[in-house]
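Read-outs: derived from the displayed coordinates by stated rules, not from any lab. The shown structure was predicted, so the numbers you read here are calculated from the model rather than taken from an experiment. Heads up, the Cβs are rebuilt from the backbone with ideal geometry, glycines too, and the neighbour counts pull from every protein chain shown.
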């Protein structure tokens, strides 16, 4: 036994039991919750390790009783301080909380910085029975979480369009499809060099927004304009706008992957003495509150993220009650045409 575990003041954890028995934390949890998928020999070894360590945390008692944690988990691989700048999460979390509060559930949020910590966090939350299911956001290209959580037999609802390879139910705003209408609007306004300030290519929604912009231009027989990658922040939008304006040929319209970057871009464009929309049209995505108050008001795509969070949570709660749920739910976005594109 390590010096740490000899310390009588330290309470043993499920990780200690798993390490002692040579198994995963999920195996420990399942052993104390019916033993599904665990051999008799492995269960005996796990129970012996638990007895030796005198492991009796509240999570173990809950697992033995089979009662729910009454909590829903979200593991976010991003700095916590970025949440206040993000147009998605405050609205989404408001929807989540509205659905959870009515049934006495809580939201458990964890912030992680890398893949290994992220995976360990999911295993811990499931192994220690701290949550009953998960909401997945910030979907990534070839997202490994689908496989992780399938193997852990977790209850999951995905917020966003996951593409192929995902067996979990998912809820989409449907806003991305309005990018086609937005791009067609710019073409109808006479623009032929339409640039795009994209989000990080590791994120599925950023890749999807760029893909729809490219496809719509190709359908019209136009070459995609220049592309600069931002990071969904105002600073990233300003930096990308400077790069576009310094390039050649200069675009006559710019579609930004979110409103924060677009509003920062409007400021940079004004500083350069370029008139919007007379010299250059600007459009964004999200329809944050400020988008209708900047000058000129910003053309954008509205997505109801609060409703998305509410429906995703309600779908997960229905899963936890073993009710049938649809594989896909689309809420529907809306194109908001305003002065920044000459509307």
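Let's test the formula: R0 of 51 Å, r as the Cβ-Cβ distance of residue 289 and residue 11. What FRET efficiency results, to the nearest 0.05? Spell out each step's value before the answer.
Working: r = 46 Å, r/R0 = 0.91.
So the FRET efficiency works out to roughly 0.65.
May I ask you to give the average projected area over all directions of the convex hull of the Cα atoms of segment 152-244, in nm² rounded to one decimal?
Values: hull surface 30.3 nm².
Seen from a random direction, the Cα hull of segment 152-244 projects 7.6 nm² on average.
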| request: Note down the nm distance, to one decimal, between modelled labels 7 Å out along Cα→Cβ at residue 54 and at residue 192. | output: 8.2 nm
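Equivalent ellipsoid semi-axes for segment 86-220, as square roots of 5 times the alpha carbon gyration tensor eigenvalues: give them largest first, rounded to whole Å.
Working: eigenvalues 235, 58, 32 Å².
Here the semi-axes work out to 34, 17, 13 Å.
Calculate, in nm to one decimal, what residue 233 and residue 39 gain on full extension: separation in residues at 0.36 nm each, minus their alpha carbon distance.
Roughly 64.8 nm would be gained on extension.
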| note | Between residue 318 and residue 337, the two model label points (7 Å from Cα along the beta-carbon direction) sit apart by a distance in nm of 3.5 nm
| query | To two decimal places, what compactness ratio does the chain give when its Cα radius of gyration is scaled by 2.2 N^0.38 Å? | reply | 1.20
| message | Quick check on the exposure proxy: order 108, 158, 254 from fewest to most C-beta atoms within 10 angstrom. | response | 108, 158, 254
| said: Quick check on the chain: of the DSSP beta bridges with both residues there, what percent are antiparallel, nearest 5%? | reply: 10 percent
| request: Pop the C-beta distance of residue 222 and residue 164 into the FRET formula with R0 = 45 Å and round what comes out to the nearest 0.05. | output: 0.95
| task | Report, in whole Å, the centroid distance computed from the Cα atoms of segment 164-229 and segment 309-343. | result | 19 Å
| query | Between residue 181 and residue 274, what is the label-to-label distance in nm when each label sits 7 Å out along the Cα-to-Cβ direction? | reply | 2.7 nm
| request: For each of 337, 139, count neighbouring Cβ atoms within 10 Å of the residue's Cβ, then give the residues from fewest to most. | output: 337, 139
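Based on the Cα gyration tensor of segment 88-152, what are the three equivalent ellipsoid semi-axes, each the root of five times an eigenvalue, rounded to whole Å and given largest first?
Numbers: eigenvalues 94, 49, 23 Å².
Values for segment 88-152, descending: 22, 16, 11 Å.
Quick one: work out Rg over Rh on the C-alpha atoms of segment 190-252, Rh as Kirkwood radius.
Values: Rg = 11.8 Å, Rh = 12.1 Å.
Value, to two decimals: 0.97.
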| Three-way shape call for segment 175-302 based on the alpha-carbon gyration tensor, with the a/c threshold at 1.5 | rounded
| field | Difference of contour (0.36 nm per residue) and Cα-Cα distance, residue 246 to residue 141 | value | 34.7 nm
| Length-normalised contact order of segment 185-307 in % [C-alpha pairs under 8 Å, at least 6 apart] | 23 percent
| Using 0.36 nm per residue, how much length does the chain from residue 103 to residue 120 gain when fully extended, once their Cα-Cα distance is taken away? | 3.3 nm
| request: Would you order 113, 340, 292, 161 from fewest to most other beta-carbon atoms within 10 Å of each residue's own beta-carbon? | output: 113, 292, 161, 340
